[in-house]
Structure formats: C-alpha cells, structure tokens
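Let me begin by presenting the structure, written as structure tokens, before commenting on it.
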Amino acid sequence: MNSRIVVGICGGIAAYKTASLISKLVQSGERVSVVLTDAAQSFVGPATFAALCDEQPFSSSFDPRCALGPHIELASDCKMLVIAPATAHMLSACANGLASCLLSTLYLNVECPVLMAPAMSTPMWEKPAVQRNVDQLRSDGVHFVGPEEGWLSCRRKGIGRMSEPETIHVHCRRLLVP
Ligand SMILES: Cc1cc2nc3c(=O)[nH]c(=O)nc-3n(C[C@H](O)[C@H](O)[C@H](O)COP(=O)(O)O)c2cc1C
C-alpha cells in the first residue's frame, strides 16, 4: 500500500519554508520522508527534518538503511513526491531524465503524482531554457504550484517566489484525493 509522501528539498533560500510544509503534512496524519540534495544542506540542516518526520532525511544514493537504494525503497510505497523548492537545476535534471543525484533518480523511479514548487530569481525563471524544462515536465504529467510574484531573496520583487507552505499543502491535499 502506498503510504508515504516524499518531500525533496533543493538548494535555495526557500528551503527553510519547506519545514513548515512538512509540519503541516505530519499534523494532517501523513508519514513523510525527506530527501535533501547536497546543495539543500547548505541552507537547512538534517536535524530539523529528523525531528519533524521522526526519521533521518535521505541524501545519499548509497544510504546504508536501504539495501536496494533509497531511490527504490522510497518509491515503493510513495503516494506523492513533492519537490519544494524545485531549483532550476532540478527542473533540468528531471526534464532531461538525469539520474545524477538521489532526488533526480527517485523522480525517475516514482509512479505516483509529482508536485513541484519552483523557486528562483526572476531572470532564472524567465530564461527560455528553464521555461522549456517546465513545459517538458508539464507534458510529462508533473503538477506545478507557483512560483508567485513577491519579494525575492535577491532583494527585488518579481516572479520566482516559492508558494507559501499553506498553498503547497492545499495542492498536496487535492492531489491525494483519489
Ligand atoms: C545563496 C544562494 C541561493 C540560491 N537560490 C537558488 C534558488 O532560489 N533557486 C535556484 O534554482 N537556485 C538557487 N541557487 C543555486 C543552486 O543552489 C545551485 O544551482 C545548486 O546546484 C542546486 O542544486 P540542487 O538542485 O541539486 O539542489 C542558489 C545558490 C545560492 C548560493
């Protein structure tokens, strides 16, 4: 039976907001596992997610907890993969089928709905290469929430702000309804 939600966190400032999303999912009764990219670990620490989920987050493709590899074992009972924040780099890896880290390999291996919440600067979001990757992912069946207009960590306003945890949570609930 599919029982867990996997939340993948990429390397952007918005990663700190994902702790709040995870708390909301846990409070609504979900079992949550977390995958942190290497870059994400420069923004947020594993202790926060270990405490929120009662489970150490996954970062390595060679995690000793998973003999078959976490990309297999996390996918086997995953009912939804949420990637928040989704960086330009991760959008590209997923759109192009690159199994270059645990999270992009897991993306290739899951059979459940995938929800991505991009976050990046306005120039990055508007770059044709990024928009091509988003279009590709949409046509591959990936769901998106945001990005939204607002204050960006590069100290200007514009499109690229990750949707608020409450908004992402609402999208998660909608996707979980059979
Ligand atoms: C301070 C800082 C903030 C960053 N914020 C973002 C961001 O919001 N969105 C993004 O796409 N990349 C951002 N980056 C760049 C990513 O961290 C970088 O592309 C990294 O390789 C992403 O790796 P990942 O997708 O595996 O997490 C930022 C980098 C730094 C140093």
Quick one: is residue 150 at positive phi, more than 11 Å from the ligand (Cβ to nearest atom) and in a strand (DSSP E or B)? yes
What pairs can you find where one residue is in segment 132-148 and among the basic types (Lys, Arg), the other is crowded, with 17+ Cβ neighbours inside 10 Å, and their Cβ atoms are less than 8 Å apart, with a gap of 6+ or different chains? 132/95; 138/144
For segment 18-33, does any single residue satisfy the condition of being among the hydroxyl-bearing types (Ser, Thr, Tyr), part of a helix (DSSP H, G or I), closer than 22 Å to residue 172 by Cα and under 13 Å from the mean Cα position of the chain (by Cα)? yes
I want to confirm something. Restricting to segment 107-136 and keeping residues that are buried (at least 17 other Cβ atoms within 10 Å of the Cβ) and small (Gly, Ala, Ser), which single residue is nearest to the ligand (Cβ to nearest atom)? 119
Can we say residue 100 is part of a helix (DSSP H, G or I) and within 12 Å of the ligand (Cβ to nearest atom)? no
Among the residues of segment 79-94, is there at least one that is touching an Asp or Glu at 6+ places or on another chain (Cβ under 6 Å), farther than 22 Å from residue 14 by Cβ and outside any loop (DSSP other than H, G, I, E, B)? no
Could you check segment 19-48 and list, in sequence order, the residues that are within 15 Å of the ligand (Cβ to nearest atom) and surrounded by 15 or more Cβ atoms within 10 Å (Cβ to Cβ)? 34, 35, 36, 37, 39, 40, 41, 43, 44, 46
Among the residues of segment 64-77, are any of a type outside the set (A, V, I, L, M, F, W, C), within 14 Å of the ligand (Cβ to nearest atom), part of a helix (DSSP H, G or I) and buried (at least 17 other Cβ atoms within 10 Å of the Cβ)? no
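Each value in this text was obtained by applying a stated rule to the coordinates, not by laboratory testing. Computed from a predicted structure; not experimentally measured. Neighbour counts run over all protein chains shown; Cβ positions are idealised from the backbone, glycine included.
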